[in-house]
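Worksheet: the structure to be examined is printed underneath.
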Amino acid sequence: MRSRNYRQEKDPKLLERIRLIEQTDPEYPERFHEYRRMPNSFYVLGELPDPKGPVVAIVGSRACSEYGRTQAVRFGKAFAEHGIQVISGMAYGVDAWAQHGAIEAGGRTFSVLGTGVDVCYPDNNYVLYRRIIREGGGILSEFPPGTGPDGWHFPIRNRLISAWADLVLVVEARLKSGSLITADYAMEQGKTVYAVPGRNDDVNSQGCNRLISQGAGIAWNPETILQEFGIAAEDASVKEMIPDKTHSYMKKSVRKGGENRERTAEAQTEARPGTRLPKKWEHADDFQKVYGFLNSDPQQLDTLAMLSGLDLPSLTGVLMQLCISGYAIEPFPGYYCRS
Amino acid sequence: MFCRVLSAAIAGVEAFPVSVEADMGDGMPYFAMVGFVSSQVREAQDRVKTALKNLGIALPPKRITINLAPGYIRKEGTRFDLPIACAVLEAMGLIAPEIFEDTMIIGELHLDGSIGSAFGVLPSVIEARKAGCSVCIVPMQNLAEGQAVSGIRVIGFSSLRDILDYSQGVIPEQEDGERRMRVLDYDVDFADIQGQESAKRAAVIAAAGFHNLLLMGSPGSGKSMTAERIPTILPELDEEESLEITKIYSVAGLLPEDISLIRRRPYRAPHHTVTQAALCGGGSPPRPGEVTLAHRGVLFLDELPEMNPAVLEMLRQPLEDKRITISRLSSTCTFPAAFLLVAAMNPCPCGYYPNINRCSCTPRQIQIYQSRISQAILDRIDLRCEVMPASYEQLTGRQRHTEKARSSAQMRAQVMDAAEVQADRYRKLPMRFNSELRAPDIERYCTLSKDAADMLKAAYSHLGLSARGYHHVLKVSRTIADLDHESVIKESHVSEALCFRCQEKLHSQTGKPGVQGGG
């Protein structure tokens, strides 16, 4: 028996906000008339994407890697910071992280669901679902309220994600990924497609790399895409990324909101260096060394011990410092990567 | 004529004295057995009658009544054959009553008069000593086991004929007890494992503080190999512990014939299809299960999520109380169960997560797989370690950093040191290891340095440590500090404990299983 992993919204205050938008309504997006296979009507909970502002769709693998996660958050944040609305499918992995990043940066984000607008699937994303609505975004669906998840709903809702977007960004995709369906619809609808490049041997990046070879734009940093919308932004990726030699968690005083216990990307970025504290630390050199061996791929303790040549007690000491101060994270127990 | 000899029955892992009374009187020839006996015990009359006949002793045509007292406890097993035969021989006047004074008798009879082995000889001999007996008569096969008890003379017999000779003052030739006292070495060693430094380190910490350990890793990464070697680094058994374990194995009938006292830490690895009764003990009368057989040793549960959840949940009580109580219609028994739990699991159904390139599971599958282990069980596990498959260089022993894999002897030396420190610290408490620390004692014994306290505070707020996780980390860092002979817990001890902490949620809070956070 399949266990139920969606959640039906029960809050009457929320449910009464569900609206049906017909083809004849002024709110029905004008451009939908130009595309093929558009629904005659759809449901919305919350707001509709502002047709005057730019909209970017961020889609990607559900089983995303740490790299996919950080990139999704990074792009989602960058767009939100520059007033670009982010639309996605609120699935596991890239979709959810991109929307999460956008919300964290104070942006508006929209989810096109393969279920009714009152059904949150997967249920893990319920917190996100409520936040999207609360923070001025919206939940959209062509399926009537109460519709549960069904395999065939998801590929077809992808045409709506691309239809609402001005540009589609694929963060991570396998060769047979649903995200590539979104990219296909986007091209059919005449939208620009960007893909985040990845390593050749990462199955999660092969779909993106193939898109690039087929002519998709290379999303090597968010600014490239911002420029598409005529937004000139300075390249934030050039900033110094190496931690200084101070006793790292001494920096907690410079952290904003120490009570914020979520390991959000925002909190981690805020913890990045900038303030130097005078206190020197005996393991400072090891600190640099271990950080140097960390990358976006989570690595196991033994691997790091072998690379760095440190014994376990010193290595664990350094790693915990890095984690606490936000330079590194432990995405899976016993595995470490850069935050 | 009435006469009485002493024997013992088994309840749980303890014995209690039973007096076997025989009376021979006039009346219709009859052989009656009373005293709340099971059918196994009732069969004794036929074995006794036939064995006597085959020794050329004819039972007189009299009314023979056998009573096993106390009559309110049910008696099981075949261990009463020999005492019944002895009582009958006494009643017939073939053996003088003073021969079996202050003597406990245990043994099964075969039809030809030879004596077969019995379960639970060790606890019976201990009980005999307690009851003030000076001699204990046991089957020859159980002699080694009986001789483990000092302060009482244990004589092995192989036939009822020898008993008759004994009554004439001839003591049968005893097998050499010395030969049987040999200490058996473990046939595995940590030196067999190349690499796996973090798993070995976790094993040392687990062994030193008797912390339960969860090993996670892909198939073939060496989880079972590591678990199997943990008994080899546990502190050596002292006399009392040896006796405890031997009693259990004696009652379970699992004691090898040539071993007098078990001196190796037990290692039990039940298959994941194990039933509730097999794991925790059961049956009527209750018999010890795997948790009891692993007493003072290691209970290894491989493929933890594949186990029946109902069976797994039964571990809660023994993990907490170090013993298990089994209630059955006939009796209620409490078995000791102070074991070190070593559990192993794959991170996902296919086993390769978090290697996204090899893992073929969906986020949902991983979540379901990992959530099969309840929070209650995870709460009782202090340490968690990731086991990585060894690289080719490690396998072939050509690794750059470690010239030679550390052996069990080296690791045990470390563990013994830490055990001594703990024994010294807890000498006034009814406990021996850091893992047994209760919340009020934690504050008292886990003194943190300023830096360590800062780090723990930072970890509490930034690594999502829970209150329970905080206590786990404190206990484990106490053990790590003990391994370093430090009385105050330092920052490095805390950080290592944090690295090996068993997280509340096993699956990632990021990546595959979607967003957990948010407002």
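The values are calculated or read from the model by the stated rules, or taken from the named source; none is laboratory data. None of the values given here were measured: they were computed from a predicted structure. Here the Cβ is made from the backbone with ideal geometry for all residues, glycine too, and neighbour counts use every protein chain on show.
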Do you know which residues across segment A:289-335 are acidic (Asp, Glu) and either within 7 Å of another protein chain (Cβ to nearest Cβ) or without any contact (Cβ under 8 Å) to a residue 60 or more places away in the chain (or both)? A:ASP302, A:ASP311, A:GLU330
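Using the structure shown, decide if A:SER248 is within 30 Å of B:LEU483 (Cα to Cα), at pLDDT below 50 and within 13 Å of another protein chain (Cβ to nearest Cβ). Walk me through how you get there before you give the answer.
Numbers: within 30 Å of B:LEU483 (Cα to Cα): yes; at pLDDT below 50: yes; within 13 Å of another protein chain (Cβ to nearest Cβ): yes.
Against the criterion (within 30 Å of B:LEU483 (Cα to Cα), at pLDDT below 50 and within 13 Å of another protein chain (Cβ to nearest Cβ)), A:SER248 qualifies.
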Being away from chain B (no Cβ under 14 Å) and farther than 22 Å from A:VAL44 by Cα is the filter here, so list the residues in segment A:155-176 that pass it. A:LEU169, A:VAL170
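How about segment A:177-207: which of its residues are within 14 Å of chain B (Cβ to nearest Cβ) and touching a residue at least 24 places away in the same chain (Cβ under 8 Å)? Please lay out each step first, then the result.
Initial filter on segment A:177-207 (within 14 Å of chain B (Cβ to nearest Cβ)): A:177-178, A:198-207.
Passing the criteria: A:SER177, A:GLY178, A:GLY198, A:ASP202, A:VAL203, A:ASN204, A:SER205, A:GLN206, A:GLY207.
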I'd like the full set of residues that are touching a helix residue (DSSP H, G or I) at 6+ places or on another chain (Cβ under 8 Å), in a loop (DSSP other than H, G, I, E, B) and in contact (Cβ under 8 Å) with a residue 40 or more places away in the chain, limited to segment B:268-284. B:ALA269, B:GLY281, B:GLY283
Count, please, the residues in segment B:341-373 that happen to be surrounded by fewer than 21 Cβ atoms within 10 Å (Cβ to Cβ) and in a loop (DSSP other than H, G, I, E, B). 12
Restricting segment A:274-296 to residues that are buried (at least 19 other Cβ atoms within 10 Å of the Cβ) and in a loop (DSSP other than H, G, I, E, B), which is modelled with the lowest pLDDT? A:HIS283
Could you please give the count of residues in segment B:313-338 that are in contact (Cβ under 8 Å) with a residue 60 or more places away in the chain and surrounded by 22 or more Cβ atoms within 10 Å (Cβ to Cβ)? 3
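On the given criteria, is A:PHE143 in contact (Cβ under 8 Å) with a residue 60 or more places away in the chain and in a loop (DSSP other than H, G, I, E, B)?
Details: in contact (Cβ under 8 Å) with a residue 60 or more places away in the chain: yes; in a loop (DSSP other than H, G, I, E, B): yes.
So A:PHE143 fits the description; yes.
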Strands (runs of 3 or more DSSP E) contained in segment B:1-86 and holding at least 3 residues under 21 Å from B:ILE126 (Cβ atoms): B:2-11, B:14-25
Looking across segment A:63-102 at residues that are of a type in the set (Val, Ile, Thr) and closer than 21 Å to A:LEU113 by Cα, the single one that is farthest from the other protein chains (Cβ to nearest Cβ) is A:ILE84
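Only one residue in A:VAL127, A:VAL44 is outside any loop (DSSP other than H, G, I, E, B), touching a residue at least 12 places away in the same chain (Cβ under 8 Å) and surrounded by fewer than 24 Cβ atoms within 10 Å (Cβ to Cβ), so which one is that? Break it down into steps so the answer makes sense when it comes.
Details: A:VAL127 fails: touching a residue at least 12 places away in the same chain (Cβ under 8 Å).
Answer to the check: A:VAL44.
Is it true that B:LEU94 is over 35 Å from the mean Cα position of the chain (by Cα) and assigned to a helix (DSSP H, G or I)? Walk me through it before giving the result.
Details: over 35 Å from the mean Cα position of the chain (by Cα): yes; assigned to a helix (DSSP H, G or I): no.
Judged against the criteria, B:LEU94 is not a match.
Could you tell me whether B:LEU143 is surrounded by fewer than 20 Cβ atoms within 10 Å (Cβ to Cβ) and either at pLDDT below 95 or in a loop (DSSP other than H, G, I, E, B) (or both)? It would help to see each step written out before you state the result.
Values: surrounded by fewer than 20 Cβ atoms within 10 Å (Cβ to Cβ): no; either at pLDDT below 95 or in a loop (DSSP other than H, G, I, E, B) (or both): yes.
No, not satisfied.
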Among the numbered criteria (1) buried (at least 22 other Cβ atoms within 10 Å of the Cβ); (2) within 20 Å of the chain's Cα centre (by Cα); (3) within 24 Å of B:GLU420 (Cα to Cα), which one does B:ILE248 miss? (3)
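Does B:SER435 fit the bill of being away from every other protein chain (no Cβ under 12 Å) and part of a loop (DSSP other than H, G, I, E, B)? Give the derivation first.
Values: away from every other protein chain (no Cβ under 12 Å): yes; part of a loop (DSSP other than H, G, I, E, B): no.
No, not satisfied.
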Quick check on segment B:98-113: of everything there that is among the hydrophobic types (A, V, I, L, M, F, W, C) and assigned to a strand (DSSP E or B), which residue is farthest from B:ALA51 (Cα to Cα)? B:MET104
Filter segment B:316-342 down to the residues that are closer than 22 Å to B:GLU386 by Cα and either within 14 Å of chain A (Cβ to nearest Cβ) or among the charged types (D, E, K, R) (or both) and list them by number. none
Which of (1) within 27 Å of the chain's Cα centre (by Cα); (2) facing another protein chain (nearest Cβ under 7 Å) is the odd one out, the single condition A:ARG338 does not satisfy? (2)
If a residue has to be touching a strand residue (DSSP E or B) at 6+ places or on another chain (Cβ under 7 Å) and among the hydroxyl-bearing types (Ser, Thr, Tyr) to count, how many in segment A:177-198 make the cut? 4
Evaluation of B:ALA419 against (1) assigned to a helix (DSSP H, G or I); (2) out of contact with any Phe, Trp or Tyr (no Cβ under 9 Å at 6 or more places or on another chain) (one fails), failing number: (2)
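Let's see how each residue does on (1) assigned to a helix (DSSP H, G or I); (2) in contact (Cβ under 8 Å) with a residue 40 or more places away in the chain; (3) in contact with a helix residue (DSSP H, G or I) (Cβ under 8 Å, 6 or more places away or on another chain); (4) of a type in the set (Phe, Trp, Tyr):
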position: A:ASN5; (1), (2), (3), (4): no, yes, yes, no
position: A:LEU14; (1), (2), (3), (4): yes, yes, yes, no
position: A:LEU20; (1), (2), (3), (4): no, no, no, no
position: A:GLU27; (1), (2), (3), (4): no, no, no, no
position: A:PRO51; (1), (2), (3), (4): no, no, yes, no
position: A:VAL73; (1), (2), (3), (4): yes, yes, yes, no
